[in-house]
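Remarks on the structure that follows.
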Amino acid sequence: MRLLFLPGVSGQGSFWEPVAARLPAGWECTLLDWPGMGPVPPAPDMRSFDDLVTAIIGRLDTPAVLVAQSMGGVVAMRAALQRPDRVPALVLTATSGGIDLTPFGVADWRPGYRATYPQAPAWIYAPGPDLSPALATLDIPTLLVWATRDAISPLAVGRHLARLLPRASLLEIDSDDHWVARAHAETVAAAIMQHMADSVL
C-alpha cells in the first residue's frame, strides 16, 4: 500500500505523523512538504498552485492513495481528476475539495496566516476554479473526515462533498479543531485502514 500525505497551508508534512505512525508498518507512507508555505523553505520550481498539482502527479508513476488536509485536499482532488487511473482511493480532511465556499459562511484563515507567515507566496490566497461539476464524475472511493464544529471548513462542506462525490463516505468527529485528523489520530488511522480494506485491499 502506497500513500502520499499532503499538508494544508502549514506546509509541513509532519502534520500527518501521528496518523501515519498508527498505520500498518508495511504500508509505504510518504509525508510531503509544500515549499514556501509555513516554515518550509521555498523552491524555485514552486511558483503556482498548478506547480503543486504537477508535483503530485509526478509522484504517481505508480498508483498511490492521496491523504490530504485542507488546502492539500484541493491539490489531491485536481491530481485525481487528471490521473484517476493512478489514485485508487482518496482521504480528505477539512478541505474545500475545490468547490465554491461562498454559500457556507466559512471563517477567513488568511489574515492570521499572513501575519504569521508574511513571506508566503501570494498565489496561495487566490481563489481557484470551482471543481463541482467535475467532482460529480470522480469515481474514486473517498473518505471524508470532518470536525463537527470547524469554522474554517464547516461540517456542511463535508456533507456537501459527500453528496457530490459518487463514492464518498463521511466520518464526523465531535471537535472544533481544523486539525481534527491530527488531534484524533487514532480514530482517523482506524478509519483509513477500514477505508483501504473496503476499497483497495
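Couple of notes before you dig in:
- Boolean, A197 is under 27 Å from M1 (Cβ atoms), at pLDDT 95 or above and surrounded by 14 or more Cβ atoms within 10 Å (Cβ to Cβ): no
- Answer from P133, P84, P121 - the residue that is more than 15 Å from the chain's Cα centre (by Cα), open to solvent by 60 Å² or more (accessible area, probe 1.4 Å) and at pLDDT below 95: P133
- Check on L161, under 20 Å from A197 (Cα atoms), at pLDDT 95 or above, within 15 Å of the chain's Cα centre (by Cα) and surrounded by 17 or more Cβ atoms within 10 Å (Cβ to Cβ): no
- Filtered residues of the stretch 25-48 (kept if open to solvent by 50 Å² or more (accessible area, probe 1.4 Å), touching a residue at least 24 places away in the same chain (Cβ under 8 Å) and in a loop (DSSP other than H, G, I, E, B)): G26, D33, P39, P42, R47
- Any hit, the stretch 137-150, residues being open to solvent by 30 Å² or more (accessible area, probe 1.4 Å) and in contact with a Gly (Cβ under 9 Å, 6 or more places away or on another chain): no
- Considering the conditions (1) β-branched (V, I, T); (2) touching a residue at least 40 places away in the same chain (Cβ under 8 Å); (3) farther than 17 Å from L161 by Cβ, V87 is excluded by exactly one of them, (3).
- Failed item in (1) open to solvent by 60 Å² or more (accessible area, probe 1.4 Å); (2) in contact with a Leu (Cβ under 7 Å, 6 or more places away or on another chain), with R114 passing the rest: (2)
The values are calculated or read from the model by the stated rules, or taken from the named source; none is laboratory data. Everything numeric here is computed off the predicted structure, so don't read it as measured data. Positions of Cβ are generated from backbone atoms using ideal geometry, with glycine treated the same way; all protein chains shown enter the neighbour counts. Quick note on the areas: whole protein, heavy atoms, side chains included, nothing else; ligands and nucleic acids left out. Shrake-Rupley method; radii C 1.70, N 1.55, O 1.52, S 1.80 Å.
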